[in-house]
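What follows draws every value from the coordinates through simple rules; no lab data is involved. Quantities reported herein were computed from a predicted structural model and do not represent experimental measurements. All Cβ positions, glycine included, derive from the backbone under ideal geometry; neighbour counts span all protein chains shown.
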Number of protein chains: 2
Amino acid sequence: MKREKIKTTPRCQRSNCPVACTLDLLGDKWTLLVIRDLFMGKHTFKAFQESPENIPSNVLAERLKRLENEQILQRKLYQERPPRYSYHLTDKGRDLGPVLQAMLMWGNTHVPGTMSKEDIDKLIQGAHG
Amino acid sequence: MKREKIKTTPRCQRSNCPVACTLDLLGDKWTLLVIRDLFMGKHTFKAFQESPENIPSNVLAERLKRLENEQILQRKLYQERPPRYSYHLTDKGRDLGPVLQAMLMWGNTHVPGTMSKEDIDKLIQGAHG
DNA sequence: CCGGATCCGGTCTGATACTG
DNA sequence: CAGTATCAGACCGGATCCGG
């Protein structure tokens, strides 16, 4: 299982603007949702899949690999046989908290999103073990 | 020129999570770059095109329409013949400042982005007439 | 059953060319 | 200058398969 090579992971693809560079890494419909789930305390492939947005398994697998490559998350073997992995934010990944929080605020203000306050607080607080 | 109908602009497509809703609107490689440019004081189609990321003209046109539909920006006729429009953030659009700022911070910290400090400050300050 | 990998049709993106 | 038309190719997402 070659976890080394992903198709596209050059550093700054389009310009030297930090916003553009960030968008090159996270600028799609799914990546930040995986990160949201990590902040929410989800750690397994299955948990990510069970989020209400129903991410396809191949997309999820690819995103996890990419985020691992970028050292935004770490993958840990937590069970030998059968092999089971859990995914955890690195410091670099945890630094995305403000991005997520800003999006949460904006969505909450400008879209009739109905996420519960508890979940929001849970998300804002951040991650853990 | 029918500026009313865009293909996909339902409100919350995938879930009621504010983050997911926000990503449904802005979660692609280009939209937030247009917003960044607006914050940087750019207002015309040409100015957006001249950004170093080289957004294709059709993508730019589609994004501008969508953002206008979502009332994130406003389009103003500033010249009669030939008709010329300028684009400006609404309050809703200006509220995206923190999202942009958070991405800017993260990119600046974790990617060797080399945008000048002046431009960053300019961006952070926000928009204007 | 879980964590993916593979296949595959359809959609969307983006480079280029074109128009008013 | 401000877009629209076109179109090949990339990508998404659903289904299915498979190793442990």
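Give the peptides B:35-44, A:53-62, B:59-68 in descending order of average Cβ contacts within 10 Å, highest first.
On the way: B:35-44: 20.3, A:53-62: 13.6, B:59-68: 17.7.
Ranked by mean Cβ neighbours within 10 Å, highest first: B:35-44, B:59-68, A:53-62.
Take peptide B:24-34, look around each residue's Cβ out to 10 angstrom, count Cβ atoms belonging to other protein chains, and average those counts.
On the way: counts 4, 4, 6, 10, 4, 8, 4, 2, 5, 7, 0.
Other-chain Cβ atoms within 10 Å of each residue's Cβ, averaged: 5.
What ³J(HN,Hα) values, in whole Hz, does the Karplus curve 6.51 cos²θ - 1.76 cosθ + 1.60 give for region A:18-34 when θ = phi - 60°, with x put for Gly and Pro?
Taking θ as phi minus 60°, the curve returns x, 5, 5, 4, 4, 5, 4, 8, 10, x, 8, 6, 10, 4, 6, 6, 5 Hz for region A:18-34.
For A:H43, what charge total do you get from the other residues with a beta carbon under 11 Å from its beta carbon, if Lys and Arg give +1 and Asp and Glu give -1?
Numbers: positive: A:K42, A:K46, A:R75, A:K76, A:R84; negative: A:D37.
Net charge in that neighbourhood comes out at +4.
A 29 angstrom limit on the alpha carbon distance is what I want to check against. Which of A:K46/B:K92; A:K92/B:K42; A:K29/B:K65; A:K92/B:K76; A:K42/A:K92; A:K92/B:K46 exceed it? Walk me through the numbers before you get to the answer.
On the way: A:K46/B:K92 36 Å; A:K92/B:K42 31 Å; A:K29/B:K65 19 Å; A:K92/B:K76 41 Å; A:K42/A:K92 18 Å; A:K92/B:K46 36 Å.
Those over the limit are A:K46/B:K92; A:K92/B:K42; A:K92/B:K76; A:K92/B:K46.
Tell me the Kirkwood radius of region B:47-95: reciprocal of the mean inverse pair distance over distinct alpha-carbon atoms, in Å.
On the way: mean 1/r = 0.0853 Å⁻¹.
Final number for the Kirkwood radius of region B:47-95 is 11.7 Å.
For region B:21-64, list residues with backbone N below 16 Å from a point placed 7 Å from the Cα of B:R84 toward its Cβ?
It comes to B:42-50, nothing else.
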